[in-house]
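A.B. asks: Have a look at this one before I ask anything.
The values are calculated or read from the model by the stated rules, or taken from the named source; none is laboratory data. All values derive from a computational prediction rather than experimental measurement. Cβ placement follows ideal geometry from the backbone for every residue including glycine, while neighbour counts extend to all protein chains displayed. Please note that ligands, DNA and RNA were not included when accessible areas were found on the heavy atoms of the full protein model with its side chains. Shrake-Rupley method; radii C 1.70, N 1.55, O 1.52, S 1.80 Å.
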Amino acid sequence: MVNNRQQQIIQKIFKLNNSEHPFQCGANLYGQAFAPSNIALVKYWGKSDIDLNIPYTDSLSISLGDLGATTKISIENDIQDSVILNNNKIAENSEFYKRLVNYLDIFNITSEIRPRFKVETTTNIPVAAGLASSACGFAALVLALDNMYHWQLDKKYLSILARLGSGSAARSLWQGFVYWQKGQDIDGMDSYAYKISDIWPDLCIGLLILSEQTKPISSREAMLKTVSSSILYQKGWSEQVINDMGLINTAIKNQDLMMLGETAENNALSMHATMLAAKPAICYSTHETVDAMHTIWQLRKQGLQVYFTQDAGPNLKLIFSRKDSNSIIKNFSDIKIVTY
Ligand code: PMV
């Protein structure tokens, strides 16, 4: 179902860009784009506006280099859209299909029937296992549309458009460190991300895939339940984020791995604590997740500087320095290290 408040954002953006209508601009035969996956070091958890994906807090992420999604969009000569994910045609009654088609519908701000599209996406990360596949998926789709229709939108607007698909997609338009400001406007026009100029070439992220199964509860639903029923969330999460944001920014400026790792790890554990305190409890960790956490803490005691973060899934992302890559591989043989 098309959401009018989302369409008002589209209308505003295209008016500011002096273009009439997203699908009226002269189109290429197809548009194609890549967007990286991103991992939050200070998490986004909870929406102050559910329709517009406006977060309660700011968040800060690091992008995953060449790991992400590539999307190609073209006109489909049919009465319905077709969606292909990793060479598999997605069923029209699936949640994935409906979410994508609903997203395309919000760009149709006239009363005319919009063109039907073929959306082909390939990812090189596991889908829906808490590895931000929806973030890079929606970011790649927005960039592919921008490419096909020559919108030439400012990245700030592309970030807002991506946010409407999936909150964390707002951060997947850049490499490196990215900051998403929650904004103040009730219409969400100042809730967008931007790149932080600092670089940290020695910083490594390792993906520790413990399960590729689809998550038991979507992040959207889990956020709603946490916000409405978790006292830990209601009484502490915003303050936690403000505090952690200060620490992470200092850690990035000083390239202080201990400060970055400890803060990111504590932020992720605190986010999961707010979920455990929801009624009923939400727990994304499996026993493999908890075992891996203990291994990491043990390695740290032995002097290896390794930290973790965890999103809405059982997998962990390890944070360490490039010089320790071999030790990390020795302890986690299946790890996928992101290279920049
Ligand atoms: O963008 P969503 O709705 O998939 O939410 C992402 C939430 C986390 O990954 C857990 C945190 C974050 O900031 O990416």
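A.B. asks: When you go through (1) modelled with pLDDT of 95 or more; (2) surrounded by 15 or more Cβ atoms within 10 Å (Cβ to Cβ) one by one for Ile209, which number turns out not to apply?
C.D. replies: (1)
A.B. asks: Ok, one more. Please give the number of the condition Trp200 fails out of (1) open to solvent by 10 Å² or more (accessible area, probe 1.4 Å); (2) within 16 Å of the ligand (Cβ to nearest atom).
C.D. replies: Checking Trp200 against (1) open to solvent by 10 Å² or more (accessible area, probe 1.4 Å); (2) within 16 Å of the ligand (Cβ to nearest atom), the one that fails is (2).
A.B. asks: Based on what the data block shows, is Ala264 touching a residue at least 24 places away in the same chain (Cβ under 8 Å), out of contact with any Cys (no Cβ under 9 Å at 6 or more places or on another chain), assigned to a loop (DSSP other than H, G, I, E, B) and crowded, with 18+ Cβ neighbours inside 10 Å?
C.D. replies: No; evaluated as a whole, the condition is false for this residue.
A.B. asks: A further question follows. Scan the stretch 140-157 and tell me whether some residue there is closer than 28 Å to Lys253 by Cα and under 14 Å from the mean Cα position of the chain (by Cα). Lay out the reasoning, then the answer.
C.D. replies: Just the residues of the stretch 140-157 that are closer than 28 Å to Lys253 by Cα, to begin with: 154-157.
Those left that are additionally under 14 Å from the mean Cα position of the chain (by Cα): none.
No: zero hits.
A.B. asks: Out of (1) closer than 20 Å to Ala170 by Cα; (2) within 16 Å of the ligand (Cβ to nearest atom), what's the single condition that is false for Leu104?
C.D. replies: If we test Leu104 against (1) closer than 20 Å to Ala170 by Cα; (2) within 16 Å of the ligand (Cβ to nearest atom), just (2) comes out false.
A.B. asks: I need the full set of residues from the stretch 224-248 which are of a type in the set (A, V, I, L, M) and in contact (Cβ under 8 Å) with a residue 40 or more places away in the chain, in order please. Before you say what the answer is, go through the steps one by one.
C.D. replies: To start, the set of residues in the stretch 224-248 that are of a type in the set (A, V, I, L, M) comprises 224, 227, 231-232, 241-242, 245, 247-248.
Correct list: Leu224, Val227, Ile231, Leu232, Val241, Ile242, Met245, Ile248.
A.B. asks: Please count how many residues of the stretch 270-298 are open to solvent by 60 Å² or more (accessible area, probe 1.4 Å), within 16 Å of the ligand (Cβ to nearest atom) and part of a helix (DSSP H, G or I).
C.D. replies: Adding up the residues that qualify gives 1.
A.B. asks: Which count do you get for residues in the stretch 230-243 that are buried (at least 17 other Cβ atoms within 10 Å of the Cβ) and away from the ligand (no atom under 16 Å from the Cβ)?
C.D. replies: 0
A.B. asks: Still on this structure, please answer the following. Regarding Glu120, is this residue within 11 Å of the ligand (Cβ to nearest atom), at pLDDT 95 or above and over 15 Å from the mean Cα position of the chain (by Cα)? Walk me through how you get there before you give the answer.
C.D. replies: Details: within 11 Å of the ligand (Cβ to nearest atom): no; at pLDDT 95 or above: yes; over 15 Å from the mean Cα position of the chain (by Cα): yes.
No.
A.B. asks: Still on this structure, please answer the following. Could you please tell me which pairs satisfy a Cβ distance under 7 Å, a separation of 6+ or placement on different chains, a first residue in the stretch 306-322 that is acidic (Asp, Glu), and a second residue that is in a loop (DSSP other than H, G, I, E, B) and crowded, with 24+ Cβ neighbours inside 10 Å?
C.D. replies: Every condition considered, the pairs that remain are Asp311/Ala132.
A.B. asks: Only one residue in Ser133, Ser159 is modelled with pLDDT under 95 and within 14 Å of the ligand (Cβ to nearest atom). Which one?
C.D. replies: Numbers: Ser159 fails: modelled with pLDDT under 95.
The match here is Ser133.
A.B. asks: Tell me which strands (runs of 3 or more DSSP E) are completely within the stretch 1-98 and hold 1 or more residues being under 26 Å from Tyr192 (Cα atoms) and either within 16 Å of the ligand (Cβ to nearest atom) or hydroxyl-bearing (Ser, Thr, Tyr) (or both), or say none if there are none.
C.D. replies: Answer list for the stretch 1-98: 30-42, 47-49, 59-75.
A.B. asks: Across the stretch 250-261, what is the total count of residues that are assigned to a helix (DSSP H, G or I), touching a residue at least 24 places away in the same chain (Cβ under 8 Å) and surrounded by fewer than 18 Cβ atoms within 10 Å (Cβ to Cβ)?
C.D. replies: Step one: filter the stretch 250-261 for residues assigned to a helix (DSSP H, G or I), giving 250-254, 257-261.
Filter once more, keeping what is touching a residue at least 24 places away in the same chain (Cβ under 8 Å): 252-253, 257-258, 260-261.
Those still in the list that are surrounded by fewer than 18 Cβ atoms within 10 Å (Cβ to Cβ) too: 253, 258.
Qualifying residue count, the stretch 250-261: 2.
A.B. asks: I need the full set of residues from the stretch 48-102 which are open to solvent by 10 Å² or more (accessible area, probe 1.4 Å) and of a type in the set (Ser, Thr, Tyr), in order please.
C.D. replies: Ser48, Tyr56, Thr70, Ser74, Ser94, Tyr97
A.B. asks: Could you list, in sequence order, the residues of the stretch 304-334 that are at pLDDT below 95 and over 21 Å from the mean Cα position of the chain (by Cα)?
C.D. replies: Correct list: Ser333, Asp334.
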